[in-house]
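Here is the structure we will look at.
The values are calculated or read from the model by the stated rules, or taken from the named source; none is laboratory data. Since we're looking at a predicted model, the values are computed, not measured. Positions of Cβ are backbone-derived with ideal geometry, glycine not excepted, and every protein chain shown enters the neighbour counts.
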Amino acid sequence: MDYRNLGRTGLKVSEICLGSMQFGWTANEDVSFQILSAAVDAGINFIDTADIYSRWVKGNPGGVSEEIIGRWMKKSGIPRHDIVIGTKVRGAMGPGINDEGLSRLHIMRAVDDSLRRLQTDYIDLYQTHWFDENTPIEETLSTMTDLVHQGKVRYIGCSNIPAWRLVESLWVAEHYKLSRYDSLQPHYHLLRRAEFEAELADICRGYTLAVLPYSPLAGGFLTGKYRKDDPKTESQRNVSKYFTDKNWALLDVLDDIGKGHNKSVSQVSLAWLLSQSVVTCPIIGPRTLEQLEDNLGAAGWRLQPDEIRTLDQATAWQVAEQ
């Protein structure tokens, strides 16, 4: 497993990050523990979560993924400093009007709740889950800065943020001498390129932000498990937006590249991201040990320049797609 700096910081993170949205949802606690242990044994040191995981599931109050990670860390006995934990704040964690957002009130309450669930006294990377148009960026960044000074947070990052807001945040941080975002989590994969590549990519390069793409396998479509002529594919409504002739043809291209290296479709898809110089580490979300093992097959592997060109051409986007 290769390791890279988290943006401009000195923090080293594995080139593949273990996501945990599935913990306590599509992977029960026992399976989650197995995935966590196997991932760390394979060299992954970066675990990403969020306070709202998985609040959208009936009977899930949110915070379940953090709690599972906390119990696993306690049970495993792995030294805390050997693990990099990233979590997020923004989503609704209760019915009150101040139970969500990026206000000082909500962040201060949310960080203590996340620390309690994770059973730790600091968060390595605290991220704003998506931007809050109702809270001034100065309020959010000054609160985050206080958390860094208090030692509760080491670094801060952002996710799901428009380019104009990211630039504004960097300017405000510099102007007011506040902590700045050192990472960005974009929704980025072969089938969703325009949103990140149009503007955000250049900002991340110019300001040395770590790029941590989430959903790198397009909800499973880029694993190759859905096929045009497979009757079971028709029932998969959660990824049906990708069922186009262009994307079915892309799977054939991924198959061909994979066969030349004895690699799976998902490994080729992850390798395309890892071959992008701006990408620090994609965030995988395996629900089983088999999926984890497959995803790990992309670690340390890079596509050849002609293979990257072939995939770039097969998924080329136009300005109108933004």
Identity of the residue in region 31-71, in a strand (DSSP E or B) and in contact (Cβ under 8 Å) with a residue 60 or more places away in the chain, that ends up surrounded by the most Cβ atoms within 10 Å (Cβ to Cβ)
Asp48
Tell me, yes or no, whether region 230-251 has at least one residue that is modelled with pLDDT under 95, β-branched (Val, Ile, Thr) and within 19 Å of Asn295 (Cβ to Cβ).
yes
Selection within region 111-146 - farther than 17 Å from Ser159 by Cα and either surrounded by fewer than 15 Cβ atoms within 10 Å (Cβ to Cβ) or among the small types (Gly, Ala, Ser) (or both):
Asp112, Ser114, Arg116, Asp121, Ser142
Of everything in region 158-195 that's aromatic (Phe, Trp, Tyr) and surrounded by 22 or more Cβ atoms within 10 Å (Cβ to Cβ), which residue is farthest from Gly10 (Cα to Cα)?
Tyr188
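If you go through region 243-262 one residue at a time, do you hit one that is of a type outside the set (Phe, Trp, Tyr), buried (at least 16 other Cβ atoms within 10 Å of the Cβ) and assigned to a loop (DSSP other than H, G, I, E, B)?
Taking every residue of region 243-262 in turn, none turns out to be of a type outside the set (Phe, Trp, Tyr), buried (at least 16 other Cβ atoms within 10 Å of the Cβ) and assigned to a loop (DSSP other than H, G, I, E, B).
Might you check whether a residue that is assigned to a strand (DSSP E or B) and buried (at least 19 other Cβ atoms within 10 Å of the Cβ) occurs anywhere in region 76-85?
Initially, region 76-85 is screened for residues assigned to a strand (DSSP E or B), giving 84-85.
Cutting the leftovers down to buried (at least 19 other Cβ atoms within 10 Å of the Cβ) gives us 84-85.
Yes, region 76-85 contains at least one residue that is assigned to a strand (DSSP E or B) and buried (at least 19 other Cβ atoms within 10 Å of the Cβ).
What is the residue count in region 18-30 for residues that are buried (at least 17 other Cβ atoms within 10 Å of the Cβ) and either free of Cβ contacts under 8 Å to residues at least 12 places away in the same chain or touching a Phe, Trp or Tyr at 6+ places or on another chain (Cβ under 8 Å) (or both)? Step through it out loud before you land on a result.
The initial filter retains those residues of region 18-30 that are buried (at least 17 other Cβ atoms within 10 Å of the Cβ), namely 18-25, 27.
Filter once more, so that each one left must be either free of Cβ contacts under 8 Å to residues at least 12 places away in the same chain or touching a Phe, Trp or Tyr at 6+ places or on another chain (Cβ under 8 Å) (or both): 18-21, 23-25.
Number of matching residues: 7.
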Report yes if some residue within region 137-147 is in a helix (DSSP H, G or I) and touching an Asp or Glu at 6+ places or on another chain (Cβ under 9 Å); otherwise report no.
yes
Among (1) closer than 26 Å to Phe46 by Cβ; (2) touching a helix residue (DSSP H, G or I) at 6+ places or on another chain (Cβ under 6 Å); (3) modelled with pLDDT of 95 or more, there is one condition Asp202 misses while meeting the rest; what is its number?
(2)
